[in-house]
Amino acid sequence: MKAAILTLSDKGSRGERADASGPALVAWLAERGVETVRTEIIPDEADLISARLAAWADAGDADLILTTGGTGVSPRDVTPDATMTILDRLIPGFGEVMRMRSLQKTPNAMISRAVAGIRGTALIINLPGSPRGAVENLEAVWPAVPHAVEKIQGDTRDCAPVH
């Protein structure tokens, strides 16, 4: 599996803050044998986010596209909105599981608006902006990610063994 990571941060894109979430995700994925083929930091601008996600998904070089940042309720938190505009299909279970798992650690999890879905043959998942939150949320949904990617890319095998 190959991944791409898009960090959304106004300060990070201007060089005023180091990105810790992107590198944390790259390391976590590498431990699972996933190669990260591209990373980028861009500002919290909906049109720019949508364009980048669409271009990356349409290029076909990443099976999994992760975003980090911009999933909350602040006026500049537009990642889920931008993501929704380019998805072919929404997969609500990923966001539901991430919020449910995060609620065990913080009540603020209920204000996360993270979404996940499909564009072309890529799975796109929004993650929180903090390194710990991004990794914990990815860990929460990881058991389903490889299977989801296989299915998105056309695997026709049965999902469960036939008895």
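The values are calculated or read from the model by the stated rules, or taken from the named source; none is laboratory data. Quantities reported herein were computed from a predicted structural model and do not represent experimental measurements. Note that each Cβ is placed from the backbone with ideal geometry, even for glycine, and that neighbours are counted across all protein chains shown.
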Among all residue pairs at least 6 apart or on different chains, which show Cβ distances below 6 Å where the first residue, located in region 8-36, is closer than 20 Å to Val78 by Cα and modelled with pLDDT of 90 or more and the second is in a helix (DSSP H, G or I) and of a type in the set (A, V, I, L, M)? Ser21/Ala134
Just checking, does region 91-110 include any residue being of a type in the set (Val, Ile, Thr), surrounded by fewer than 20 Cβ atoms within 10 Å (Cβ to Cβ) and modelled with pLDDT under 95? yes
From the options Val37, Val26, residue that is within 18 Å of Leu123 (Cβ to Cβ), β-branched (Val, Ile, Thr) and assigned to a helix (DSSP H, G or I): Val26
So Ala114 ticks every box in (1) in a loop (DSSP other than H, G, I, E, B); (2) modelled with pLDDT under 95; (3) of a type outside the set (D, E, K, R) but one. Which box is left unticked? (2)
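Whether any residue in region 67-81 is closer than 14 Å to Leu123 by Cβ, in contact with a Gly (Cβ under 9 Å, 6 or more places away or on another chain) and surrounded by 22 or more Cβ atoms within 10 Å (Cβ to Cβ) is what I want to check. If you could, list the steps in order and put the result at the bottom.
Of all residues in region 67-81, those closer than 14 Å to Leu123 by Cβ come to 67.
Among the residues that remain, those that are also in contact with a Gly (Cβ under 9 Å, 6 or more places away or on another chain) are: none.
No.
Just checking, how many residues over region 37-59 are touching a residue at least 40 places away in the same chain (Cβ under 8 Å) and among the charged types (D, E, K, R)?
First pass over region 37-59, keeping only residues touching a residue at least 40 places away in the same chain (Cβ under 8 Å): 49, 52-54, 56-58.
Adding the requirement that they be among the charged types (D, E, K, R) leaves 52, 58.
Number of matching residues: 2.
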